[in-house]
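Colleague: Here you go, one structure.
The numbers here are math on the coordinates, done by the rules we state, and not lab data. The model shown is predicted, which means the values in this text are computed figures rather than measured ones. Note that we place each Cβ from the backbone using ideal geometry, even for glycine, and neighbour counts take in every protein chain shown.
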Amino acid sequence: MLVQSSLSEVLKARSELFSRTNWTDPTSQLQNRVKGEDLSKYFVLTESEEIGIRETIRLHVSTTPYYLSLSDPIDPNCPIRRMIVPRSEEAVFSSEESPDPLDEERLSPVRGLTHMYPNRVLLFSNHSCSVYCRHCMRGRKVSSSDERMEKSDLENAFAYIRTHEEIEDVVISGGDPLNLSDSRLEWILSELHSIPHVKICRLGTRNPVTLPFRITEALCKIIETYNDDKLSIFCNTQFNHPKECTKESKEAILRLLKVGVSVGNQSVLLKGINDEEEVMLTLHKKLLEMRVRAYYLYDPELIPGSRGFRTPLARGIEIVEYMRGKIGGMGIPQFVNDLPGGGGKITIAPNWYLGYYPKTRQHAFRSAVTKKIHLSFEPVGSNKESYYPTISDSEWEKFGL
Ligand SMILES: *Cc1c(COP(=O)(O)O)cnc(C)c1O
Ligand code: SF4
């Protein structure tokens, strides 16, 4: 039964939860996670959220007290709240959506491994996370105990990687690999480290955002042991909103940087949460202050209920276009679409290049700073003139140069 809580009940429940959690202890944070319909105790719910909680197939909602503390108990438009609490739109599934839009299962040679690109694989290390995000593209798997990866499953995955010498880069994702125990993670890293052709290992984790206390000194020591001349360990995390850039998060990132792990951010473009130019610019400025470089900005996948957070494709392009010139290049993500049906990722960039005018051998560009047209010449004797989209005489005249 979904309870309707008043504001005073919500505030009281929050303060009880926060005081019984041993705040900086990750185990205590995980033990005190708020799950499923219990969310209704910590928010004054709107009707849409009530429907969302009652009717979405994925009732594996869960949040750490820490992440909950960043959310607003009253304002339904709070971006953190919107990443935790489902709404009625998410209970609507359409035929264009699929639980596995990227065909990860078809591209999986052994359980838990997706081998789509020749030299790199995605390893599904475990099904648990600290917070279950509404927009998770692997929602079919995360939080489901049927998807538990046994030691033998991982051993089969390592055996596959070992016999495929073309694999140089292993992306460990899930779920969230940092929700494994230290000893299990150490075993995974030592196995990968022992495979001669594996040069790069990436930890895909939201814990710096959702449970920064998980980045303990002990964990960092383990990572440091395997981050050496043989293997380079990277971390890709997912900050989606400036509100997530806290002092605790920054401390977690700095601990990773100290053991030589470069941290990048892959945010997801989410309707009503971060689909505004200024929000994305502020997020990436804050990330740079935390020494996190921008990597990708994902267009959300067509998972069931995704109409609740998908934006028109143009939004991502416009946002990246807006950012250019206002922040250093290392703070500008590449806008990425992971193509349905297992086509892999492609990047979509703003159209700064307008084309080539053969008569004068000139390329025309639109400047991100002046917004005007600027010209540059193709080298004399170039054999690539047919490569470029041609500007016609009438278009050229319209430039009014
Ligand atoms: C995203 C992804 C990767 C890594 O892609 P990069 O563009 O190198 O970050 C690898 N394998 C699969 C299946 C993926 O979905
Ligand atoms: S932390 Fe990552 S894998 Fe886990 S629910 Fe969120 S987006 Fe999905």
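Colleague: Given the -39500 (n - 2.57) contribution per DSSP H run of 4+ residues, what per-residue ellipticity at 222 nm results for the chain, rounded to the nearest 500 deg cm²/dmol?
Modeller: Value at 222 nm, helices only: -8500 deg cm²/dmol.
Colleague: Could you tell me how far the Cα centroid of the stretch 130-205 sits from the Cα centroid of the stretch 49-121, in Å?
Modeller: Result: 19 Å between the Cα centres.
Colleague: What is the pair-distance distribution P(r) of the stretch 195-262, computed from all Cα-Cα distances in 10 Å bins starting at 0, with each bin given as a whole percent?
Modeller: 21, 52, 23, 5, 0
Colleague: Further question: Once you put a point 7 Å from the Cα of Leu257 and another 7 Å from the Cα of Arg106, both along the Cβ direction, what distance in nm separates them?
Modeller: Distance between the two pseudo-spin positions: 4.3 nm.
Colleague: Under 10 Å, Cα contacts only: if you run a Gaussian network model on the chain, which one of Ala157, Ala252, Ala364 comes out with the highest mean-square fluctuation?
Modeller: Most flexible of the set in this elastic network: Ala364.
Colleague: Limiting things to C-alpha atoms, what are the Rg and the maximum Cα-Cα separation (Dmax) for the stretch 259-401, in angstroms?
Modeller: So, for the stretch 259-401, Rg and Dmax equal 18.6, 58 Å respectively.
Colleague: Which of these, Val171, Val110, Val34, has the largest mean-square fluctuation under a Gaussian network model of the chain (Cα springs below 10 Å)?
Modeller: Result for the chain, Cα springs under 10 Å: Val110 fluctuates most.
Colleague: Mind telling me which of Arg148, Arg361, Arg307 comes out most flexible in a GNM of the chain, alpha-carbon contacts under 10 Å?
Modeller: Arg361
Colleague: Just round it to a whole percent: the fraction of Cα-Cα distances in the stretch 333-401 exceeding 21 Å.
Modeller: On the way: 989 of 2346 pairs.
In whole percent, the share of Cα-Cα pairs in the stretch 333-401 beyond 21 Å is 42.
Colleague: Mind listing the Cα extents of the chain along all three principal axes, in Å, largest one first?
Modeller: That works out to 74, 54, 42 Å along the principal axes.
Colleague: Further, regarding this structure: At R0 = 45 Å, how high is the FRET efficiency between Gln362 and Asp229 if r is their beta carbon distance? Nearest 0.05 is fine.
Modeller: 0.40
Colleague: What does a probe at Ile200 reach in the stretch 154-174, counting residues whose amide N is under 14 Å from the point 7 Å along Cα→Cβ?
Modeller: 167-172
Colleague: If I fit a long axis through the Cα atoms of helix 182-193 and take the longest principal axis of the Cα atoms of the chain, what angle between them do I get, 0 to 90°, rounded to 10?
Modeller: Long axis of 182-193 versus the principal axis of the chain: about 40 degrees.
Colleague: Turning to a different aspect of this structure: If I model a spin label as a point 7 Å beyond the Cα along the Cα-Cβ vector, how far apart are those points for Arg148 and Ser6 in nm?
Modeller: Computed distance between label sites Arg148 and Ser6 equals 4.4 nm.
Colleague: Can you give the extra length, in nm with one decimal, that the chain gains between Ser19 and Glu289 once fully stretched, where that is 0.36 nm per residue apart less the Cα-Cα distance? Show your work: numbers first, answer last.
Modeller: Details: separation 270, 0.36 × 270 = 97.20 nm, distance 3.05 nm.
Result: 94.1 nm gained on full extension.
Colleague: Please report the relative contact order for the stretch 113-347, taking Cα pairs under 8 Å with a sequence separation of at least 6, and give it as a percent rounded to a whole number.
Modeller: Working: 419 pairs, mean separation 35.6, N = 235.
It rounds to 15 percent for the stretch 113-347.
Colleague: Follow-up. Give me the number: length gained by fully extending Glu55 to Phe377, i.e. 0.36 nm times residue separation minus the C-alpha to C-alpha distance, one decimal in nm. Present the calculation step by step, with values, prior to reporting the outcome.
Modeller: Values: separation 322, 0.36 × 322 = 115.92 nm, distance 5.92 nm.
Going from the current span to full extension adds 110.0 nm.
Colleague: What nm value, rounded to one decimal, do you get for the distance between Ser94 and Ile317 when each label is placed 7 Å out toward the C-beta?
Modeller: For Ser94 paired with Ile317, the spin-label model returns 2.0 nm.
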